[in-house]
Amino acid sequence: MANLIALDDGHGMETPGKRTPYIDSLGRSIKENEFNQAVVSFLDEELQRSGFDTLLVAPTDDDTSLSARTSRANDAGAAAYISVHYNAFDGSFEGSNPSGIELYVYPGHLNRQAGVLANNIAKYLREGTQQDFRGVKEANFHVLRETAMIAVLTENGFMDHPDEALLMIDPEFQREVAIEHAKGICDYFGVNYVPGYIGRRVESIYQGDLRFYNQPSWSDSAVAGYLQYGYGFPNILDRVIVDGFPQYKVENSKGAVYYVTANETYVRVV
């Protein structure tokens, strides 16, 4: 039987206060659950593909109570509980606001299995988009205290930091965070992570000349050629981070290896 992972997209879409300050460039605030829900949806896919069973403890936009969330996980006999969040400092973009990622386990569990799982996830979060790493910490949160299984709560940025606020609605960042969580969970349970893009075709959706490279680089000197709209590579070999941004390592029909952006604004996997 596969390990069952309970997934919690912290808060509801209308939970009071759980949103960024007003962002002029968007003409609105961003709700925390816009990020949380998207990451959990991606994470659900990543874990199932890698052989896990999953349980969404708050599957609607409603603000499901904390007790209902933990009871669902406990009743189902989940092996681990992962709660995805976005942090906040003072609710304002003014001043010198903190930024970065931090993870939490229940007090006394840093050196126990929850701490091991948290550090496994943290390892991959630190390899992605450049953010301050604020550490693995302890907190007496309900979802860490009332769960009968190992539990980790992640804070993946600050809603009131101007740069990190905008990351919340970036699909590429959302998917990256989900993949990093999935890789850490796989490592903890000794399961091979199965990427969704390996062996698939990637093609340009950019109306213009899209550069590809002969090495993992964005420099002009590394440009190997250009893709037109609809053209691409038949085989993705890997996904790498180059200077904080993702590239696919790809292979053409003759076996030559190149690198191309993995940004979903410019390419799609088919």
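Numbers below:
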read-out	value
Qualifying residue in region 78-91 (condition: surrounded by 14 or more Cβ atoms within 10 Å (Cβ to Cβ), more than 17 Å from ALA182 (Cα to Cα) and among the aromatic types (Phe, Trp, Tyr))	yes
Count of residues meeting criterion [in a strand (DSSP E or B) and either assigned by TED's automatic domain parsing to the domain that holds ALA182 or of a type in the set (Gly, Ala, Ser) (or both)] in region 204-222	1
Subset of region 27-77 that is polar (S, T, N, Q) and either within 18 Å of GLU155 (Cα to Cα) or outside the structural domain of GLY17 (by TED's automatic domain parsing) (or both) - its residue that is surrounded by the fewest Cβ atoms within 10 Å (Cβ to Cβ)	SER41
Odd one out for GLU94, checked against (1) without any contact (Cβ under 8 Å) to a residue 12 or more places away in the chain; (2) over 20 Å from ALA165 (Cα atoms)	(2)
Residue selected from region 212-222 under the condition without any contact (Cβ under 8 Å) to a residue 40 or more places away in the chain and under 28 Å from the mean Cα position of the chain (by Cα), by the criterion surrounded by the fewest Cβ atoms within 10 Å (Cβ to Cβ)	SER219
Tally of residues being over 26 Å from the mean Cα position of the chain (by Cα), more than 17 Å from GLY199 (Cα to Cα) and in a loop (DSSP other than H, G, I, E, B) across region 223-261	3
Residue in region 58-76 that is farther than 24 Å from GLU146 by Cα, out of contact with any strand residue (DSSP E or B) (no Cβ under 8 Å at 6 or more places or on another chain) and not in a loop (DSSP other than H, G, I, E, B) present	no
Single residue of region 102-122 satisfying the filter (out of contact with any helix residue (DSSP H, G or I) (no Cβ under 6 Å at 6 or more places or on another chain), of a type outside the set (A, V, I, L, M) and crowded, with 19+ Cβ neighbours inside 10 Å) that is farthest from ALA78 (Cα to Cα)	GLU102
Residue within region 233-240 that is closer than 20 Å to GLN130 by Cβ and among the hydrophobic types (A, V, I, L, M, F, W, C) present	yes
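The values are calculated or read from the model by the stated rules, or taken from the named source; none is laboratory data. Being a predicted model, the structure only gives us computed values, none of them experimental. With ideal geometry, Cβ positions are generated from the backbone for all residues, glycine too; neighbour counts draw on all protein chains shown.
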